Every structure is written in C-alpha cells, then in structure tokens.
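A.B. asks: Before anything else, here's the structure in question.
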Amino acid sequence: MSDIIAFSPVLLAAITGLIVMVLDLLSGKNTHKGFLGWVTAVGLLASGTAACLLWVGGREISLPFMVGMVQFDTYGAFFVTLIAIAGAASSLLIVDHNPEQGIHDGATYPLVAFATFGAMLFVVATDMILLFLGLEIMSLALYVLAASKQTSPFSMEAGVKYFLLGALASGFFLFGAAFLYGATGSLDFVTVGRTIQDAAAHGSGLSKVALVMIIAALGFKIAAVPFHFWTPDVYEGSPTPISAFMAGVVKAAGFAVLARMMLTIWGTAEFSSGWQSPGGILLILAVISMVVGNIMGIVQDNVKRILAYSSISHAGYILLGVYAIGLGEPGAVGISLNSGVPFYLLTYVLATVGAFGVLALMGGQGHEDMSLDSIAGLGKRSPILALILTISVLSLAGIPPLLGFMGKFVLFKQVLLADPDRNWVWVVVAVLNSLVALYYYLRIVLYVYFREPEGEAAPIIKSNAGLFAVSTMAVLVLLLGVFPGKAIDASNQASHHAVLSITEAQAAPAVQQESAPTPEPKQPLRLRQVDGLKVDPSHIPIIRRAMELKLRDSGPKPK
Amino acid sequence: MIKETTIQSLLYVIVFAPLIGAIINGVFPRVLSRRAVSIIGVGLPAISFVATVLALVGFLGLRSADPTYTAVSASLFSWIVSGPISVDFALWLDPLSIVMTLVVTGIGSLIHLYSVGYMHDDPSYARYFSHLNLFLFSMLLLVLGRSLLLLFVGWEGVGLCSYLLIGFWFDDMDKAIAGKKAFIVNRIGDFGFLIAMFFLIFALGGSLDIPSLRAMVADPTSIFHSNTAMVTAVTLLLFLGATGKSAQIPLYIWLPDAMAGPTPVSALIHAATMVTAGVYMIARLNFLYVLSPVSMAVVATVGALTAIFAASIGLVQNDIKKVLAYSTVSQLGYMVLAVGVGAFGAGIFHLMTHAFFKACLFLGAGSVIHAMAGEQDIQKMGGLRKKMPITHITFLISTMAIAGVPLLSGFFSKDEILFSALALQHSSGTVAPWLNKLWFGLAIGAALMTAIYMFRLYFLTFSGELRSPDAHPHESPASMTIPLIVLATGAALAGYLGLPIPGKNLLHNWLAPVFAGGASAINNTGSHTLEYALMGVSTVVALAGIGLAWALYRGPWQHVPAKLQESLAGLYKTLVNKYYVDEAYNAVVVKPLIGGSKLLHRWVDAGLIDGIAVNGPAKALAYVGRTARRLATGDVQTYAAIFAIGVVLLVLFVM
C-alpha cells in the first residue's frame, strides 16, 4: 500500500482524467461543461499537494515492485508540483475559452489531465521504457489538443505539424535508447550511466550517437534551436490555453528529464570539458537558442509568436544552466545539477502560463492568432488583465522585483561560479541576450498601454476560472519575487537529486531480486539514505573525479 | 498577565492592521460606501492603538516580573541573507519604540477620525484613507523595525506616502510640484542614509540589526572605538538623512511647501510623526553617535541654527499653515539640538509634547480653514473666538504650550532642552565649551520668537473683528472637535510625564535602558539650581514674547508692525522671501542640473547612446531577424529536414 502512496501524485493525475471522462458522459449533452475544468484543476492540484506532502514528510522512495523504474524524490516532487500547477491553470483557462466552438467540449479536460499525467510519469521515470511511455502519453494527448478547434484550419495545421515532427522526435528518442541499450545492455539510467562511465565504454561511438539523438529528441520538446521550428507555428495555431500548457508543462517536463538523463548517464567530472563533451553540445545549443530566439522574437508581430520565440530563448538560458554543473554538496556523490535550473524553470513556467493565460482570455471567438494590434489598448479595456500580462512579460524579461529577475540572477550567478575563468563569457552573452529580449517584451507592454487599436480589438472573455488562474500566476510571480527564499531552498533540494545515484537496490540487483520476495515486514518502503555517508565501492571513481574537479577549481591541477 | 508570545502577536497586529486598511480602501475604492471607507480607515488604526496599549500593559507586566527586561522581539521571517549581510524581518518593542508607537497610533487614530469630517466632501475619499493608512503602516515599520534596513524601508515608505499625500490634489500643478519637491529633496538625505549603511557594513563590519550593533559598539576594543573617522562619517551621513526627513538646514526647504497637502496630513505627517523620524533615528543610535563628538557637535549646531532660522521666517508669514510649518521646522531644530548635546530623553520628550500641541494646532488651523471656506490668509481672519469656541480654546491651550507658558507641556520639554544645551558636555572634552553658550543663546532667541509668532497668529486669527465680510465661519462637526479636545488635553498635561524632579522623571526612568549606552559618554555640568533658574528665565522670555505680540497685534502698538516694515524694508523683504534660500538653491543647484541634463540628453543620450549605441545594433539585429525569418516557412518537410541535418551535424561534430 505504501508504494501506492509514494506513487500517488502521479496516479492522482490519471485518476482525475478518468473521473472527468466519466463525469463528462454522465452530465449529458446539454450541460455546460465548464465545471469539468474546475474538477480537473482540483484533481491536478490534489496531485501537486500530494507531491508536496510526500516531500515535506521526507519520503524518498524507489518502488520495489517496479525494480527501480520510478523514483519519486525531491526532484520528482518539485517538477510534479510545478507541472500540476501549470496543468491546473491551463484547464481553468479552457473553461470559458470558446463557448460555441471546438475547444469547449467535455473531451478536452480528460485529455489535459492525461497529458499532465504523462508529463509526471515522464519526470519520475528512471528507465527508458517507462520514460518513453510517459513521453508518448503526454504527446499523443497534446497532438489532439493542439488540433482540438475543429473549425480553425490553423488549429488543424498546428495539430498535424506537431504530430509529424513529434513523431520524428520520438523516433530519434527510440533510436537513442536503442543505441544505449546496445552499448550497455541496460535500460536503467543508473546502470547505463555506470557502464558508460567505465573507462572501456567511455569512448564508445554508439553512446555518442545516442547522446546526440536523445538531445535532439528532448531538444524538440524543450524547443531548443535547431529543433525548434515547430514552436512558433504550433503555439500560434493551437488554442491558446493549449499553447500555455505546451509552453509551461512540456518545457518543464522536458528539461527535468533532459537534465536528469544527461547528468546521470554522461555525468562525469569531464561533463562540460571541451566542445565535444556532452556539456559542450548543450552549450552550443544554449547559445544558438538564445540568439536565434531573441533575434527572431524582435521581428514578430504576433504576440503568441513573440512568446514562442521567448520560450526558445529561455530554453537557451536553462540549457546554459544544465551545462554549468556544480559539484555536489559535501556528503553527496559526484556532480549535481546547477540548482538555478529548477528555480529558473519555476520562474519561467509561472510567468509564461500567466502571459499565455491572459491571451487565452482574449479573442476566443475564432481569433487564436493574436496580433500585437489586437491587444492594443488592453490597459483601458481591462486594467486587471493588462496588469497581469505586464507582470508576466516583465518577469520573463527579468525585471526586479519580479520572480524572473531572481531566476536569472540565481541561474547566471551559479553558471559563473561553476567555472569563473571561462563561463563569464557565456554569462555576458546571456545577459546581452536578455537585453535584446527586453525589446519585444516591452513592445507588448507598449501596445497594451500606449496604443489604440487600429483594427478590431480582440474581445475580452469574461471568465472567473481563467481570471483566477492568471491572477494566481501573477500573484505568485510578485510574491515569490519579493520573498524568493523558500522557492530557492526547494530548488536546491530538488537539484541535489537530479543525478540519480546508485541506491543499494540498484547497485546490487541480484541481491535485491533474491531478497525481494521477503521484504522486512516493518519496513516495506525502501528509504534511501542521503545524508549519511555510505560509500559504495563502485562510487570511488566518481568521487575521485569529483575531487579532481574540486582541486582544479581551487588551484592548479596536480600533475 | 500578558505573555511574551501574546505581545509578539500584538506587534504584528499593530503593524499590519493599517496595511490591511490601506489595501482594502486602495483596491475597492468604488465598491465601498463612504461609511464603510470611514469605518475601515479609522477602525484599523484604532485597532492598532488598542493593540499598542495592550502591548504596553504586557510589557509593564514583564518588566515588573524581571526589572532587567528590555525588549520584546518578534522575527517574522529571514528576509535577506547574502554574504556578510543577514537581515531578519523583525520587529521589537522596547521603551523607546513603545513611546513612539503610542504617539503614532494614538495621535494617528485621532487624526484619522478628524479626517472623516475634514475630507467629507472630497471625491477621492477612499484614496485618501488608503494613503493615510499606508503611511501609518510605514511609520510603524520605521519605529518598530529592529534592523536599520527595516527602519529604512519604513523611512522610504513614509517618504512615498508623504509625496502621495502632499500631491493629493494632483490636478493642481503647484500641489503636484510641492509633492515632487518633497520627494526629491528627501532623496538626497536618503542617499546619505544608504551610504551610511554600506559604510557600516563594509567599512566597519557592523551589523544592521540594532541590538547586535549595540552589543558590538559596547566592546571597547572594537573597531568602532579605533576608527573614529569612519564612525564620524557614518553618523554624519545618517544625519544627512535626518536633515531631509526632519527638515533641518540645509534640506528643510520641502516642509513649508508640503503644506499643499490636506491639513490633517500636515498635522499627522508633517508635524507629529514622520518629520520626527530623524530625531528618533539619532536617539535610537545614541550609542553610535556618542562615539563621535564631532558629529554630535554638528548635529547640535545644525539643530540650534535651524531653530532660530525658521522661527525668524515664521515671524512674518501670513498663511496660517506656513506659520505652523516654519514653527515645526523650528521645533524640530530643538529636538535635533537636544539629541545633539546628548539629551536623548529630552529630545524624545519634546518630540512627544510637540506631537500633541502641534497636531492640535494644525487640526485647529484645519478647522479654521474649513470654517473660512478655504481661506488661509490670517490677515483676512479675526474674531473667530466667538464663532468657533471649541477650536478657539483648544488652539489657545496649544499656543500657550508651544510658547512655553509655565505648567503646560511645552514648558517642561523646552526647558529641559535649554538646560541641556547649556549644561551637557561630551566626556571626551573635544568640544569647545563656548559652543554650549552659542547653542543656548540661539535656543533662547528662538524661544522668544516662538512666543511672538505664535501669539501673533493667535491674535490675528481669533481676536478682534472678522476682516473678510463675505465669510460665514461656523464651528466644525464633532468628528473634528473631539480630536481637538483630546489633543489639547494632551498638550496641557503631557509635560507631567517628564517633571524635572530628580528621580521622579517618569519618562527618563522609562527610557533609561535605551539610552544607557549614550548617557555614559555625556557629563552633566549643571546643577538643579541652574535648572530651576533657567525655568525662571524661560518663563520670563515666554511672557515677554506673548506681551510683545499682544502689544503689536492687539494692544497699543498696532501701528508699529507697518512702520517696522517700512523702516526695515530690506530685512522684512528678506524674511518674507525666506532668506531667498529657494532662489539660491534654484540658481546654484537646480538650474545647472537641469541645464546639464538637457545637454546630456540632447548630445549623449539622444545622439550617442540612442543614435549609435542602441539603434545601431537594434537595426542590425532586426535586419538579421527579417532575413532569418525566411527559414521559418511553415513547411513541415523543411522543418523535418533541418531537424535531421541538425542531428547529423551534431553527430559528425562529436565523433
């Protein structure tokens, strides 16, 4: 039973989907389906709450019955909570989005819940099969959601485009996973990682091809250049609440998995040494994503496309954070994820869902393509929406005292500290990019407050559910921006578990299998000790490398 | 018996109740009825006051159980942790902050009540109460904040609210400009305050937490005792902040203009509470100031000069609020003089009595202006004694109190300052004794002028015959007269908290633990005989001033002021034009600054930065973007091909 409890946050999302589906059938054809949005939101938030409770309760659990295919730790809890919040907000945005047409029918909500469930499974999986399962559950639901406005050719186009390119990306992922299996004979991250990090397999060509393919597949989900081309078209064509979901949930989940896979499988002290290292590739993608995202953002005239390019450039900043790994805290083993990454994702998701959310509350009647002109004069027509949009885009731009500023500050600082001699260049590049980005963010604010609409302005949808969702985002952006302490603490804790270390169960699978039929009756859960220093002999090479890295940081490298 | 944890909860109530009021009235101004706005706007400050009284009772209980008990501290959360700086969002209640909080919430609540009548017809009623509540919140943060940084947050908050309320009627350009002037002038002082905090942390390794700082300073081997130059710099920079907030030379110029705001605002912010923040800050940091005899002497000299300087301008003003404004500047000079000579208790004592009588005077003036339908020129008033009996009697009591008529509150507090100016000396002996005589001379001169201008104001307003035939003055409603009566009672009786009898001075005994650090560095060279003798002197001075005012404006010499104006035309013009200080500042500081800014704007900003450095790269980037845009064709085959090419290139790159 307790393993079910440990898995409950993810299960709750799936159960929410089932309940909503049944409620949709029971409620009959003529009922207003808006309440399903609330049910979905409540269910997903319950899932997020469960994740927080497990975290606060200090339960850190690998499930024995899944032989380590799932690990629900602080890292998982952090992202499950974030995904739950973004998913709940998106489902609330759908409620009044388009009363007559397309998107507003009961089938939408279970799909949102299942997509969220897939994203959650995706981030807690530690095995490639389960990971792929999560990826596809999320993606298939999203393909349908993107095309869910049947009356709009743009929406159809978005759905088909996302499906075709998504299938391509999934194919690359499968190839990558297959190559890794070929190189190591395992699908479990930790075992794969251990084998690859052994000297014999280190130079394996298969593992390098697999690395690129997995980066490409996940780079597609997080919209990193050059795997980003679908992003503006799909964000623009999809119903706006779904764009919010993609920009928030999919990006967070994609990054969570990317960071964990990269660091667990290829995470040695040489992770980011040289251009051809795994970190080097991420750095290249980071820089071109930032530059391309921002430059292309400048020339857009459509708010949804601007936000799409903004999301591409944010992918660049976060990739920079993944590239700049940190040494683990004393007591932990090896390297760890730069804790600015989870925190930055938190700041980004809240602000981007807020911004897309405001757009979702405008122009539901057939206009999904929000030109800059259609938001002109929003400041007069709806001061509250204008304020929320302004807070959101200024946070994305990184203006204090909003959360986005703290996100950039913490992330860039940690990138710099990871290797002050070299990384300052990339921090300068990132800061200059934020400067360029300011242009298109401020352009949105300019149109909202200082321009009169020339053509027909997008109508404003009266929606309590949507307003509740976006104002919650804005309040969080403001409050956490002023008092970021707790959120930074949480991100730190989460980042310590980004790199899966070898638990006893996984380190000795044979022993585990033998002892599995007779678990200790009082302790059915396998609690993993993190604070204690239990050094497994197999850790010694990793520890040695970590110490070399430390030495290199503190002085000249010993010959 | 109130427990310590209860007092901690009460502290949050005290501080946050006005904030809640500000938020409700600020967010729902159109939803709420006037009645609801009044109840919220007045009720929450009143809750704050009641909580303060309860906290006082609790504190007394704790102190009687343990006589060494000094302060209740409540830390809400850890606010900033960065390198050597660690700041908690912490409040504390010690004897000094209790006195200040009682003054702020007590007088503040009365003035909120008064505002219900005074602002009755204003269209922006809710905005007014929202800002006034927000002010109260900031002021309480200022006096209850345990760290200098939190004090500074309150300090900036009251500055903001002051700006918002001076320019409350912002569609009148002059009033908007007055608000701007107050804000900008205060920024100069705040800048000093900020630099002082940086020095304190980085040059002296000090803490921003006041109790920790006090503990550090108490160690005679610490850097604070060896690096006197830096301590002097820190204290003088902090004092620069105080000259802005407490309207001292050279930054006093904003306060007279600040009278553009509604009169209750002048009473609360620009007389009773906010402007005393500088005095409070110096008294709070007494242990730091006494380490630098130079700073102390500067503070005292500036205070004494301000006292007489502002009083002399007050002699010739005709706007009822301007007279009171210069009077406030002058009285603040007394308080600054007091803390400058090391009489911290006397400074706080005068702060408290002044809060009563000056708030009462301003509210009385408001009542008069209300009755005269907006007229503020005292030359056009007169004879209001019969028409407005309550306003008249309360105004008279407060005028007597400020003039120093024996047995009223101002007499005791001002007398203590005069005595301290003459008798207190820094134990280091580095300050020349003749300075004491100078300070005393300036202070007694200012006392004489105070009596004259205040009674000039009184006689011109209330006695004789009404000089404008169109006016139909009437007594104000009860919501305005009740606060007047309460404040006048305070103005009469508050002095008995600080009777100059050795050992029986309640206020001094109460504040002694706070000023223990400062008091040890100050020697009292005067005797009680001297103190009683000085009382006689100041009584004579006050009565002489009153007599002179009576003779000149009511009695036999009524033709003399006009003659004096003619024969001393130069001096008179200088005084009426306030020594041309505004003009001088305009010519020396403001105009060159604006001219320079215009040049910089035209050539450097518009030409160099915008033209070349900003628009250049922007145009280039936009060009690149437009070109690259062609790649985003919308064609799925192209996208898939680029995707695949990307993968292939990366694979080739890593192999």
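A.B. asks: Once you place label points 7 Å from the Cα toward the Cβ at A:Leu164 and B:Thr489, how far apart are they in nm?
C.D. replies: 8.6 nm
A.B. asks: Turning to a different aspect of this structure: Using R₀ = 41 Å, calculate the FRET efficiency as 1/(1 + (r/R₀)^6) where r is the Cβ-Cβ separation of A:Glu454 and A:Lys486; round to 0.05.
C.D. replies: Rounded to the nearest 0.05, the efficiency is 0.35.
A.B. asks: Compute the length gained on full extension between B:His601 and B:Ser82: take 0.36 nm times their separation in residues and subtract their Cα-Cα distance, giving the result in nm to one decimal.
C.D. replies: Full-extension gain reported as 183.2 nm.
A.B. asks: Continuing with the same structure: Given the pairs B:Lys245/B:Lys380; B:Lys181/B:Lys578; B:Lys387/B:Lys563; B:Lys175/B:Lys386, which are separated by over 22 angstrom at their Cα positions?
C.D. replies: B:Lys245/B:Lys380; B:Lys387/B:Lys563; B:Lys175/B:Lys386, as the Cα separations exceed 22 Å there.
A.B. asks: With the Cα gyration tensor of chain B in hand, give its eigenvalues times 5 under a square root as the equivalent ellipsoid semi-axes, listed largest first in whole angstrom. The partial results should precede the final answer.
C.D. replies: Working: eigenvalues 431, 210, 149 Å².
Semi-axes from the Cα gyration tensor: 46, 32, 27 Å.
A.B. asks: Please report the buried accessible area for the interface of B with A, total over both chains, probe 1.4 Å, in Å² to the nearest 100.
C.D. replies: Counting both chains, the buried surface is close to 2600 Å².
A.B. asks: Can you pull the mean other chain C-beta count within 10 Å for peptide B:624-637?
C.D. replies: Mean partner shielding for this stretch: 5.
A.B. asks: At a 10 angstrom cut-off on C-beta neighbours, averaged per residue, how do the peptides B:302-309, A:89-96 rank from highest to lowest?
C.D. replies: For the peptides B:302-309, A:89-96, the packing ranking is A:89-96, B:302-309.
A.B. asks: If you don't mind, another one. How big is segment B:294-566 on each of its three principal axes, counting only the C-alpha atoms and giving the largest first in Å?
C.D. replies: So the extents along the principal axes, rounded to whole Å, are 63, 44, 29.
A.B. asks: Something else: Could you work out Rg/(2.2 N^0.38 Å) for segment B:84-155, with Rg from alpha carbons only?
C.D. replies: Relative to the rule-of-thumb radius for its length, segment B:84-155 sits at 1.33.
A.B. asks: Still on this structure: Just need the Rg to Rh number for segment B:207-262, please, alpha carbons only, Kirkwood Rh.
C.D. replies: 1.21
A.B. asks: Starting from 0.36 nm per residue, how many nanometres of slack lie between B:Ser33 and B:Ile482 once their C-alpha separation is accounted for?
C.D. replies: 159.3 nm
A.B. asks: Computed FRET efficiency, Cβ-Cβ of B:Val648 and A:Phe468, R0 41 Å: what is it to the nearest 0.05?
C.D. replies: 0.30
A.B. asks: Solvent-accessible area per residue for segment A:2-504 at a 1.4 Å probe radius, Å²?
C.D. replies: For segment A:2-504, the solvent-accessible area averages 31 Å² per residue.
A.B. asks: Please average, across the residues of B:613-621, the number of beta carbons from any other chain that are within 10 Å of each residue's own beta carbon, and give a whole number.
C.D. replies: Neighbouring Cβ atoms belonging to other protein chains average 2 per residue here.
A.B. asks: Continuing with this model, one more query. Mind checking the dipole of the protein assembly as shown: about its Cα centre, +1 per Lys or Arg Cβ, -1 per Asp or Glu Cβ, Debye to the nearest 20?
C.D. replies: Roughly 1720 debye for the protein assembly as shown.
A.B. asks: Explain nothing, just the number: dipole magnitude of segment B:294-566 about its Cα centre with +1 on each Lys and Arg Cβ and -1 on each Asp and Glu Cβ, in debye rounded to the nearest 20.
C.D. replies: Roughly 180 debye for segment B:294-566.
A.B. asks: Zone of A:Leu206 (label point 7 Å along Cα→Cβ, backbone N under 18 Å): which residues in segment B:615-655?
C.D. replies: B:655
A.B. asks: Turning to a different aspect of this structure: Roll a 1.4 Å probe over the protein chains and send me the accessible area per residue for segment B:294-566 in Å². It would help to have the intermediate numbers written out before the result.
C.D. replies: Values: 9320 Å² over 273 residues.
With the other protein chains kept in place, segment B:294-566 gives 34 Å² per residue.
A.B. asks: Okay, moving on. Local charge sum around B:Leu564 (other residues, Cβ-Cβ under 15 Å, Lys/Arg +1, Asp/Glu -1)?
C.D. replies: Overall, the nearby charge balance is +2.
A.B. asks: With only alpha-carbon atoms counted, please give the Rg and Dmax of the protein assembly as shown, in Å.
C.D. replies: My reading of the Cα-based Rg and Dmax gives 35.9, 117 Å.
A.B. asks: Okay, moving on. Per residue of segment B:204-210, what does 6.51 cos²θ - 1.76 cosθ + 1.60 with θ = phi - 60° give for ³J(HN,Hα)? Whole Hz please, x for Gly and Pro, Karplus curve as stated.
C.D. replies: 10, x, x, 9, 7, 6, 5
A.B. asks: Here's a follow-up. For segment B:525-648, which whole-number percentage of the solvent-accessible area (1.4 Å probe, protein heavy atoms only) is attributable to carbon and sulfur atoms? Before the final figure, lay out each step's value.
C.D. replies: On the way: 5730 of 8170 Å².
The value for segment B:525-648 is 70 percent carbon and sulfur by accessible area.
A.B. asks: Tell me the Kirkwood radius of segment B:580-654: reciprocal of the mean inverse pair distance over distinct alpha-carbon atoms, in Å. Intermediate results must be reported in sequence, preceding the final value.
C.D. replies: Numbers: mean 1/r = 0.0573 Å⁻¹.
Value: 17.5 Å, from the Cα pair sum.
A.B. asks: Suppose we flag trypsin sites (Lys or Arg not before Pro) only when DSSP calls them loop and at most 12 other Cβ atoms lie within 10 Å. Which is the longest uninterrupted stretch of chain B?
C.D. replies: It runs B:31-503.
A.B. asks: What does the charge count around A:Phe173 come to, taking other residues whose C-beta lies under 13 Å from its C-beta (Lys +1, Arg +1, Asp -1, Glu -1)?
C.D. replies: 0
A.B. asks: Ok, one more. Please average, across the residues of B:648-655, the number of beta carbons from any other chain that are within 10 Å of each residue's own beta carbon, and give a whole number.
C.D. replies: Values: counts 2, 2, 13, 7, 1, 7, 12, 5.
What the average comes to for B:648-655 is 6.
A.B. asks: Which angle from 0 to 90°, rounded to the nearest 10, does the C-alpha axis of helix B:615-629 make with the longest principal axis of chain B?
C.D. replies: 40 degrees
A.B. asks: Mind pulling up the Rg/Rh value for segment A:2-504? Radius of gyration and Kirkwood radius, both on Cα.
C.D. replies: Taking Rh as the inverse mean 1/r over Cα pairs, Rg/Rh reads 0.95.
The values are calculated or read from the model by the stated rules, or taken from the named source; none is laboratory data. As the structure is a computational prediction, the values presented were derived from the model and not from experiment. Neighbour counts run over all protein chains shown; Cβ positions are idealised from the backbone, glycine included. Each accessible area value is taken on the protein alone, full model and side chains, heavy atoms only, with ligands, DNA and RNA left out. Shrake-Rupley method; radii C 1.70, N 1.55, O 1.52, S 1.80 Å.
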